[in-house]
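A.B. asks: The following block contains the structure, expressed as structure tokens.
The values are calculated or read from the model by the stated rules, or taken from the named source; none is laboratory data. Just so we're clear, the structure is a prediction, and the values are computed from it rather than from any experiment. No Cβ is skipped: glycine too gets one built from the backbone with ideal geometry, and neighbour counts run over all protein chains shown. Surface areas here come from the heavy atoms of the whole protein model, side chains and all, with no ligands, DNA or RNA. Shrake-Rupley method; radii C 1.70, N 1.55, O 1.52, S 1.80 Å.
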Amino acid sequence: MTKLFSKDFWQTIARLILRNRIGIIIFLLIATYIFSMQWDKMRFSHSEANLLPDEHEVNLEYNAFLETFGEEGNLIVLGLKDDTVFTVEKFNAWNAFCEEFKSYNEVETVVTISDLQKLIKNTKQKKFDLEPFVKDSITSIEELEELQKDLFNNYPFYDNFLFNKESKSLRTAIYLKKELVNTSARVDFVLYTLKDKVKEFENKHNLDVRVSGMPYVRTLNAQLIQNEIGMFISAALIVTSLIFFFFFRSFRATFISMFVVIIGVMWTFGILGAFEYEITVLTALIPPLIIVIGIPNCIFLINKYQHEVRKHGNKAKSLQRVITKIGNATLMTNVTTASGFATFIFTKSKLLQEFGTVASLSILGIFVLCLLTIPIIYSYMPMPKDKHLEHLNKRWINTFVDWMENMVKHKRITIFVTSLIMLIASIIGIYQIKISGSVIDDMPKQSEFYNDITFFEKEFNGIMPLEIMIDTKRKKGVMKLATLKRMNALEELIEDIPELSKPISVVSLVKYSKQAYYNGNPKYYQLPTSQENSFILSYAKKSSTDVDMLKNFVDSTGQYARITTFMKDVKIEKMERIEEDLRTRIAKVFPEEKYDVTITGKAYLFQKGTYYLVKNLILSLSLAILLISLFMAYMFRSFRMIVVSLIPNLLPLLITAGLMGYLGVPIKPSTILVFSIAFGISVDDTIHFLAKYRQELKANHWRIRKSVFGALRETGVSMFYTSIVLFFGFSTFIISSFGGTVALGALVSATLLFAMLANLLLLPSLLLALERSIANKKVLKEPNFKIIPEEDSNNDK
């Protein structure tokens, strides 16, 4: 019985691959066809990424809010700030333009200046009547000026809702049907109706219309993600193929590698479709990741094949040795890389679970493709010519290898001292890292919709909804005067917080009712006294005015109320202080035995999700370290070797974290991923080096020094090649318009560069420093998981 992963096992695998080439090709074609059949199940996400588990307390509170009041993110706002709009022609055109949206099936209601109503006291019928501010249209400039004066000075109920009386900016609210908010109908409306209508109006009237609101922002954001997938795949293919060709100077090897990774990308899309996962900002990164991670597999396999051909000139023997000698180490490296991604499966965050599942399966898939495809393709091709092998003797690469060898031989103290200094500096930098949890933090800063967000932040204090839900624990408890006064006290605090907009709730409507009762006098825009309350509310109940407005802010039983405010894009520390102030006031104003008050909303959900991810970063990274430690223990059965292998891979992570602190790059959902991804990839070089080092130990009769330099000279070239490919491959993410993707690409690239230097300089230096301790053959017992020794490794150099 052949032991799993032993020398005999890989020789058996090599024979099976090379003797069943036609069958394997047919199998790969069928597998690719099956995966391609799953592509039509792929779809882009129509909802925000929820970073929290479904059972998380904050998620449960948000879902309870949605069950009571329905979807809260259904508001699209149109804004205008232009003095010329206050002319008769343009003002009427603006109102007519906004009114048009009422005719669309996707729209529930539209509220614009022409829809505003005065509450007029009807003494005879003891109710409030409605009277529009604008009847049909404005006919003269005097009428328009009177409207401005009346609205801006006498009706605080509408201030900062549809206009800003200080800057004279206007706003229109378009409420989409709640059941369409998370569907493709929203996308079609925004991209093919709203945008076209706005552009047409702007061109016709020479006005700059601003558009925002969560449905609009989400749609354009998703559209950018969709556009960038193709850009990333193209950029990754171009960059990696150019670097590959520069190293190998072979069109044949380059085309073979590109062919393999393109098939790998096709499989990735098939996996996405098979699981019916939505394409999110994270899963959109996986196809280019597979290209970047797959190319190093090709480098190791092709480099070994050409190395063997140069050594003995036997093609069949060379192909067999590629599989038997590199297959084991390549399996280990791909398993460790996949493990780095797979740790996200344990975070309980659906977004990260899907990312981890697809990425880890895709990495194992590209390993299988490389191991099967490259030897089979080369078996049908003629022997490499001398020009294909010239890169093995490039003077500059030999100079680089000589430099590494010289550093390890004569400058070990310098390497250790430099590493220690960088470690200390990194720890200092880590203490300066901040956490960021803003919904729009990673959105493209140069995009038109981001500029529109900043416009609404400046003019109307933000677009991101923050909701407060009050449960009075009894039917019709909301309209009790005591409850209204408590809500008013909380709203006064909200108005004093500059990062929050003027709150909207039933309290505003009750205040407006009192103003109307006193014939529209603005000084009576306040809550009624206990004596006034009963007869003012009796007027309101007989009116049709409160029906539409109340249903948005009070549930049908009268037990639940909501206070809606909008928040600016604030840093997470500021958000925490705001939450603390709100909770302090809530605890003071609303007794727990009478009221349940919850803070929720999309902005709040995202902030809590960021904290959750930070906690899970430690979990996923710890799991990755544990898994990789187990792999090392299986290879070497030595605690010292586990420590030696982890140090060169943990140090680059600490250096990157320190750089984040010094450069002011915060921990956020996008940058959190850097550490687990980089660790899973960077440890590949360690495995390749230690696998070759192990082979050299056996071939050189346990002479540590000779084995270290033998391993360094043979694997150093491939490690350098793959690290450069990975560095530039991940650097392609820098072309993204999303700040988070740029940060991810730059940080992973930097980490992998540090990791390459650590594995080429620090790792062999540590092995030599621990020479006596690890020289004992008993420490390096032969495990079940064998790395095949190279019988003629002395001749490899």
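A.B. asks: Output the 0 to 90 degree angle, nearest 10, between the alpha-carbon long axis of helix 602-636 and the longest principal axis computed from the alpha carbons of the chain.
C.D. replies: 10 degrees
A.B. asks: Any chance you could give the angle, 0 to 90 degrees and rounded to 10, that helix 350-380 forms with the longest Cα principal axis of the chain?
C.D. replies: It works out to around 30 degrees.
A.B. asks: Using the eigenvalues of the Cα gyration tensor, what equivalent ellipsoid semi-axes result for region 555-594 when each is taken as the square root of five times the eigenvalue, whole Å, largest first?
C.D. replies: Sorted largest first and rounded, they come to 25, 16, 6 Å.
A.B. asks: Please list the non-local residues whose amide H lies under 5 Å from the amide H of Ile667, H modeled 1.01 Å from N, same-chain partners needing a gap of 5 or more.
C.D. replies: For Ile667, whose amide H was placed from the backbone, the distant partners under 5 Å are Lys434, Ile435, Ser436.
A.B. asks: For the pairs Lys149/Lys502; Lys485/Lys594; Lys168/Lys199, flag any whose C-alpha to C-alpha distance is greater than 18 Å.
C.D. replies: Distance filter (> 18 Å) returns Lys149/Lys502; Lys168/Lys199.
A.B. asks: I would also like to ask the following. Taking region 109-194, which GluC sites (Glu not before Pro) meet the DSSP loop condition and have no more than 16 other C-beta atoms within 10 Å?
C.D. replies: Here the GluC sites (Glu not before Pro) that fit, given the DSSP loop and packing criteria, are Glu166.
A.B. asks: On the accessible surface of the chain, probed at 1.4 Å, how many percent belong to carbon and sulfur atoms?
C.D. replies: The nonpolar share, carbon plus sulfur, comes to 58 percent.
A.B. asks: Next up: Among Pro503, Tyr693, Leu747, whose Cα lies farthest out toward the positive end of the dipole of the chain, if unit charges sit on the beta carbon of Lys, Arg (+1) and Asp, Glu (-1)?
C.D. replies: Tyr693
A.B. asks: Using θ = phi - 60° and the Karplus form 6.51 cos²θ - 1.76 cosθ + 1.60, what ³J(HN,Hα) does each residue of region 525-537 get, whole Hz, x for Gly and Pro?
C.D. replies: Couplings: 6, 7, 5, x, 6, 4, 5, 7, 4, 5, 7, 5, 5 Hz.
A.B. asks: Right, another one. Pick out, from Asn95, Leu75, Asn122, the residue whose Cα sits farthest towards the positive end of the charge dipole of region 72-133, with +1 on the Cβ of Lys and Arg and -1 on the Cβ of Asp and Glu.
C.D. replies: Farthest towards the positive pole: Asn122.
A.B. asks: Can you pull the accessible area of Asp40 for me, 1.4 Å probe, Å² to the nearest 10?
C.D. replies: 130 Å²
A.B. asks: Return the ratio Rg/(2.2 N^0.38 Å) for region 276-321, where Rg is computed over Cα atoms only.
C.D. replies: 1.82
A.B. asks: How far is it, in nm, from the label point at Arg474 to the one at Ala587 when both lie 7 Å from their Cα along the line to the Cβ?
C.D. replies: So the label points at Arg474 and Ala587 sit 2.6 nm apart.
A.B. asks: Further, regarding this structure: Between Leu16 and His312, what is the FRET efficiency for a Förster distance of 25 Å, r being their Cβ-Cβ separation, to the nearest 0.05?
C.D. replies: Once rounded, the FRET efficiency stands at 0.65.
A.B. asks: Sticking with this structure for a sec: Volume per residue, Å³, of the convex hull around the alpha-carbon atoms of region 99-252?
C.D. replies: 203 Å³
A.B. asks: Given the C-alpha centroids of region 470-486 and region 213-249, what is the distance between them in whole angstrom?
C.D. replies: Between the Cα centre of region 470-486 and that of region 213-249, the gap is 53 Å.
A.B. asks: Ok, one more. What is the extension gain from Asn105 to Arg577, computed as 0.36 nm multiplied by their sequence separation minus the C-alpha to C-alpha distance, in nm to one decimal?
C.D. replies: So the chain would gain 165.8 nm between Asn105 and Arg577.
A.B. asks: Please get the size of the charge dipole for the chain, origin at its Cα centre, with Cβ charges of +1 on Lys and Arg and -1 on Asp and Glu, quoted in debye to the nearest 20.
C.D. replies: I would put it at about 3900 debye.
A.B. asks: Further question: Pairs Lys135/Lys178; Lys124/Lys480; Lys574/Lys602: which exceed 24 Å Cα-Cα?
C.D. replies: Those over the limit are Lys135/Lys178; Lys124/Lys480.
A.B. asks: What is the local net charge at Glu592, summed over the other residues whose Cβ is closer than 13 Å to its Cβ (Lys, Arg +1; Asp, Glu -1)?
C.D. replies: +2
A.B. asks: Next question. What are the ³J(HN,Hα) values, in whole Hz, obtained from phi via the Karplus relation 6.51 cos²θ - 1.76 cosθ + 1.60 with θ = phi - 60°, for each residue of region 55-67 in sequence order, with x given for Gly and Pro?
C.D. replies: Values, residue by residue: 8, 5, 4, 5, 5, 4, 5, 5, 5, 5, 5, 5, 5 Hz.
A.B. asks: Would you mind checking the tilt of helix 7-19 against the longest principal axis of the Cα atoms of the chain, expressed as 0 to 90 degrees and rounded to 10?
C.D. replies: It is inclined by approximately 80 degrees.
A.B. asks: How much net charge surrounds Ser184 when only the other residues with a Cβ under 12 Å from the Cβ of Ser184 are counted, with Lys and Arg +1 and Asp and Glu -1?
C.D. replies: -1
A.B. asks: Would you mind classifying region 155-199 by shape? Square roots of the alpha carbon gyration tensor eigenvalues, ordered a ≥ b ≥ c; an a/c under 1.5 is rounded, otherwise it is prolate if a/b is larger than b/c and oblate if not.
C.D. replies: Since a/c reaches 1.5 but b/c is at least a/b, the shape of region 155-199 is classed as oblate.
A.B. asks: Continuing with the same structure: Measure out, as a whole number of angstrom, how far apart the alpha-carbon centroids of region 591-631 and region 295-357 sit.
C.D. replies: Using only Cα atoms, the two centres lie 33 Å from each other.
A.B. asks: Now for a different question. Long-range amide H contacts for Phe566: which residues qualify at under 5 Å (H placed 1.01 Å from N, peptide plane, sequence gap of 5 or more or a different chain)?
C.D. replies: Leu466, Ser501
A.B. asks: Here is a further query. Which percent of the Cα-Cα distances in region 211-263 go past 16 Å?
C.D. replies: 55 percent
A.B. asks: I've got another one for you. Taking only C-alpha pairs under 8 Å that are 6+ residues apart, what is the relative contact order of the chain in percent?
C.D. replies: 19 percent
A.B. asks: Here is a follow-up. Just the number please: accessible area per residue for region 65-191, 1.4 Å probe, all protein chains included, in Å².
C.D. replies: 45 Å²
A.B. asks: For region 150-157, take each phi angle, set θ = phi - 60°, evaluate the Karplus expression 6.51 cos²θ - 1.76 cosθ + 1.60, and give the result in whole Hz per residue in order, putting x for glycine and proline.
C.D. replies: Along region 150-157, the couplings run 5, 5, 6, 10, 10, 10, x, 4 Hz.
A.B. asks: If a paramagnetic tag sat 7 Å from the Cα of Lys458 along the Cα-Cβ line, which residues of region 66-90 would have the backbone N under 13 Å from that point?
C.D. replies: 80-82
A.B. asks: Of all DSSP beta bridges located in the chain, what percent are antiparallel, nearest 5?
C.D. replies: Percent antiparallel among DSSP bridges in the chain is about 90.
A.B. asks: Okay, moving on. Using a 1.4 Å probe, how large is the accessible area of Lys195, given in Å² and rounded to the nearest 10?
C.D. replies: The accessible area of Lys195 comes to roughly 90 Å².
A.B. asks: How large is the Rg to Rh ratio of region 241-339 when both quantities use alpha carbon positions and Rh follows Kirkwood?
C.D. replies: Value, to two decimals: 1.05.
A.B. asks: Using the 2.2 N^0.38 Å rule of thumb for compact globular proteins, work out how region 186-242 stacks up: its C-alpha Rg over that value, please.
C.D. replies: Here the answer is 1.59, to two decimals.
A.B. asks: Another question, then. Rounded to a whole number, what is D in µm²/s for region 585-691 from Stokes-Einstein with the Kirkwood radius over alpha-carbon pairs (37 °C, 0.692 mPa s)?
C.D. replies: Reported coefficient: 195 µm²/s.
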